[in-house]
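Colleague: Following this message is one structure expressed as structure tokens.
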Amino acid sequence: MACLIGLAGTWFARSVGHKFNWLHEPGPGRIHTRSVPRLGGPPLLVALVFSAVMSLRIEGPVLGLLLGAFVITGLTLIDDIQGLSPRNKLAGQCVAAVIPLAFGVRIEGVSNPFGGILIIPLLLAIPFTVMWIVALMNAVNLADGLDGLAAGIALVAVTILVILSARLGQPEVATLGLALVGAIIGFLPFNIFRASIFLGDSGAHLLGYMLATLAIVGGAKLATALLVLGVPILDVAWSVIRRWRSGVDITSRDTNHFHHRLLRTGMSQLEVVAVYCGVCATFGLSALILTRYQKLFAFGILFAVIIIVALCLARTDRHKSS
């Protein structure tokens, strides 16, 4: 159901984008060379919500998740159409992140690698939850630099969370995740290279928001989400540090993300997307079979690989520029 609605809704959103000239234009920090609609959020949201309403009882945490999804999609859709300042966008992200909190969706504890759960006091759990949701929204948004990249990563991550939710005996969370999987599958045929529609801020933020909240509901999924999304999360951290050291506004666009640098090595967009999704799937599947203690080693391996690749790509860029 979600897949069919996603297909029809994305086709309609693409037509609306062209009709009203709501397009993503080529420019600095962007690699596409033609005007493309950037209305991916609404069809994803409609497919997700309609399928959830038909499959689940919309109450409690599920209601909170969907209300927050409406808010973040609506606010960032404004940014796609007429633009928002970075401050206003951050305020909107925080507002959306607070909504599921009001319905009891918060990080109450984290798994201790050596056994048990580390309980987080309420005064710390609230800001920690908000920061987690905001961070994942921005991580997915910044990963949306190549055709099909952010949606492909999100598809892998949500699928892993669905499997884990089913194993933990959480059918509602698994069903909500499957609705999102179907919506993404319906969207991707229009978004893979050469894309005829982009996620836009509304679509990327929605995917990041849903990933963050699905990882919270039911617990025991934060480490898994971190492993699956390790590459885009570390890319965000690397970009912030790089821009700060260069004296550049950390909210500015550029083409120096990992995926852009891989593209400059001669790889095609499809190859870069395949590598990203393959890495995310590998670490995601490892999270399903590793013990808590073993996940620490997986985090270390992921961190080391990213640092080595980043240094190698930076060195390659310097050689090419010289």
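The values are calculated or read from the model by the stated rules, or taken from the named source; none is laboratory data. The model shown is predicted, which means the values in this text are computed figures rather than measured ones. In this analysis, Cβ positions are derived from the backbone assuming ideal geometry, glycine residues included, and neighbour counts consider all displayed protein chains.
Colleague: Could you grab me the full set of residues in segment 48-73 that are among the small types (Gly, Ala, Ser) and either surrounded by fewer than 19 Cβ atoms within 10 Å (Cβ to Cβ) or within 17 Å of Gly208 (Cβ to Cβ) (or both)?
Modeller: Selection gives Ser55, Gly60, Gly64, Gly68, Ala69.
Colleague: Regarding Arg261, is this residue in contact with a Ser or Thr (Cβ under 8 Å, 6 or more places away or on another chain), touching a residue at least 24 places away in the same chain (Cβ under 8 Å) and either part of a helix (DSSP H, G or I) or among the hydroxyl-bearing types (Ser, Thr, Tyr) (or both)?
Modeller: yes
Colleague: For segment 81-117, how many residues meet the condition of being surrounded by fewer than 12 Cβ atoms within 10 Å (Cβ to Cβ) and of a type in the set (Ser, Thr, Tyr)?
Modeller: Counting residues in segment 81-117 that are surrounded by fewer than 12 Cβ atoms within 10 Å (Cβ to Cβ) and of a type in the set (Ser, Thr, Tyr) gives 1.
Colleague: Quick test for you: out of Ile133, Ile78, Ile120, pick the one residue that is at pLDDT 90 or above and surrounded by fewer than 24 Cβ atoms within 10 Å (Cβ to Cβ).
Modeller: Result: Ile78 is the single residue among Ile133, Ile78, Ile120 that is at pLDDT 90 or above and surrounded by fewer than 24 Cβ atoms within 10 Å (Cβ to Cβ).
Colleague: Anything in segment 21-56 that is among the polar types (S, T, N, Q) and not in a helix (DSSP H, G or I)? List them, or say none.
Modeller: Asn21, Thr33, Ser35
Colleague: Now a separate question. Does Ile184 count as assigned to a loop (DSSP other than H, G, I, E, B) and modelled with pLDDT of 95 or more?
Modeller: Here the answer is no, as Ile184 does not meet what is asked.
Colleague: Also, I was wondering about something else. I'd like the residue in segment 230-248 that is under 12 Å from Leu142 (Cα atoms) and among the aliphatic types (A, V, I, L, M) and, out of all such residues, is surrounded by the fewest Cβ atoms within 10 Å (Cβ to Cβ).
Modeller: Ala237
Colleague: I've got another one for you. Would you please list the contacts, defined by Cβ atoms under 8 Å and residues six or more apart or on different chains, that run from a residue in segment 33-58 that is touching a residue at least 60 places away in the same chain (Cβ under 8 Å) to a residue that is surrounded by 21 or more Cβ atoms within 10 Å (Cβ to Cβ) and of a type in the set (Asp, Glu)?
Modeller: Close Cβ pairs (under 8 Å, with a partner that is surrounded by 21 or more Cβ atoms within 10 Å (Cβ to Cβ) and of a type in the set (Asp, Glu)) amount to Arg38/Asp80; Arg38/Asp201; Leu39/Asp80; Gly41/Asp80; Gly41/Asp201.
Colleague: Take the residues in segment 192-225 that are more than 19 Å from Leu155 (Cβ to Cβ) and of a type in the set (Gly, Ala, Ser), then tell me which one is surrounded by the fewest Cβ atoms within 10 Å (Cβ to Cβ).
Modeller: Gly219
Colleague: Here are some residues: Leu146, Leu155, Leu161. Which one is within 14 Å of the chain's Cα centre (by Cα), closer than 23 Å to Pro86 by Cβ and either touching a residue at least 60 places away in the same chain (Cβ under 8 Å) or buried (at least 21 other Cβ atoms within 10 Å of the Cβ) (or both)?
Modeller: Just one listed residue meets the conditions, Leu146.
Colleague: On the basis of being farther than 21 Å from Asn138 by Cα, in contact with a helix residue (DSSP H, G or I) (Cβ under 9 Å, 6 or more places away or on another chain) and part of a helix (DSSP H, G or I), does Leu311 make the cut?
Modeller: Considered against the rule, which asks whether it is farther than 21 Å from Asn138 by Cα, in contact with a helix residue (DSSP H, G or I) (Cβ under 9 Å, 6 or more places away or on another chain) and part of a helix (DSSP H, G or I), Leu311 comes out as no.
Colleague: Still on this structure, please answer the following. Got at least one residue in segment 185-202 being under 12 Å from the mean Cα position of the chain (by Cα) and within 17 Å of Tyr276 (Cα to Cα)?
Modeller: No, every residue in segment 185-202 fails to be under 12 Å from the mean Cα position of the chain (by Cα) and within 17 Å of Tyr276 (Cα to Cα).
Colleague: From the list Ala304, Ala274, Ala287, pick out the single residue that is small (Gly, Ala, Ser) and surrounded by 16 or more Cβ atoms within 10 Å (Cβ to Cβ).
Modeller: That would be Ala287, the only listed residue that is small (Gly, Ala, Ser) and surrounded by 16 or more Cβ atoms within 10 Å (Cβ to Cβ).
Colleague: Taking segment 233-258 only, how many residues are assigned to a loop (DSSP other than H, G, I, E, B) and either farther than 21 Å from Gly27 by Cβ or of a type outside the set (Gly, Ala, Ser) (or both)?
Modeller: 10
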